[in-house]
Amino acid sequence: ISNAIDNYVSGTVGKDMDETTWKSFFEEVPPFLTQEQRNDWMKELYGVSLASDAFFPFRDNIDRAAQSGVKYIAAPSGSNNDAGVIEACNDHKIAMAHTEFRLFHH
């Protein structure tokens with residue numbers, strides 16, 4: 001469902017997820033947001049905190065988080081790409097704390 005919400009808010013229904021699949025996630029399908037509504041919503045997102053029970057494997061995770069106003073991240077380290085993830089946090093002026101507590105297991 002989180003991908004359906006992300007597609008709804010970002011206006012990418014039909015691009016990142018086909019509309020039929022997107023609609024299947026809702027009991028009552030919400031009307032599409034206008035670009036102005038999306039812009040107004042995104043302006044309010046600042047200082048958002050993000051936590052994960054697994055490490056972030058790639059920079060694009062941080063780039064996407066920054067688009068949603070994330071400024072604080074708590075997550076364990078351990079990715080082969082930790083340096084790139086930390087660099088992304090620095091580029092976006094995101095404070096990241098490595099918790100060293102990993103709950104995600106395969």
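The values are calculated or read from the model by the stated rules, or taken from the named source; none is laboratory data. Given the structure is predicted, the values throughout are model-derived calculations rather than measurements. Note: ideal-geometry Cβ built from the backbone for every residue, glycine included; neighbour counts use all protein chains shown.
Identify the residue in the range 60-82 that is farther than 20 Å from residue 7 by Cα and among the hydroxyl-bearing types (Ser, Thr, Tyr) and, among all such residues, is nearest to the chain's Cα centre (by Cα).
It comes out as 72.
Contact list please: Cβ distance under 9 Å, first residue in the range 28-42 and surrounded by 12 or more Cβ atoms within 10 Å (Cβ to Cβ), second residue among the hydroxyl-bearing types (Ser, Thr, Tyr) and modelled with pLDDT of 95 or more, pairs at least six apart or on different chains.
none
Only one residue in 16, 53, 60 is loosely packed, with under 15 Cβ neighbours inside 10 Å, touching a Phe, Trp or Tyr at 6+ places or on another chain (Cβ under 7 Å), without any contact (Cβ under 8 Å) to a residue 60 or more places away in the chain and of a type outside the set (Lys, Arg), so which one is that?
Within the list 16, 53, 60, the selection yields 53.
If I filter the range 1-59 down to residues being among the small types (Gly, Ala, Ser) and more than 15 Å from the chain's Cα centre (by Cα), which single residue comes out as modelled with the lowest pLDDT?
Only one residue fits best here, namely 14.
Yes or no: residue 81 closer than 23 Å to residue 101 by Cβ and in contact with a Pro (Cβ under 8 Å, 6 or more places away or on another chain)?
Considered against the rule, which asks whether it is closer than 23 Å to residue 101 by Cβ and in contact with a Pro (Cβ under 8 Å, 6 or more places away or on another chain), residue 81 comes out as yes.
Determine whether the range 83-100 contains at least one residue that is over 15 Å from the mean Cα position of the chain (by Cα) and at pLDDT below 90.
Yes, the range 83-100 contains a residue that is over 15 Å from the mean Cα position of the chain (by Cα) and at pLDDT below 90.
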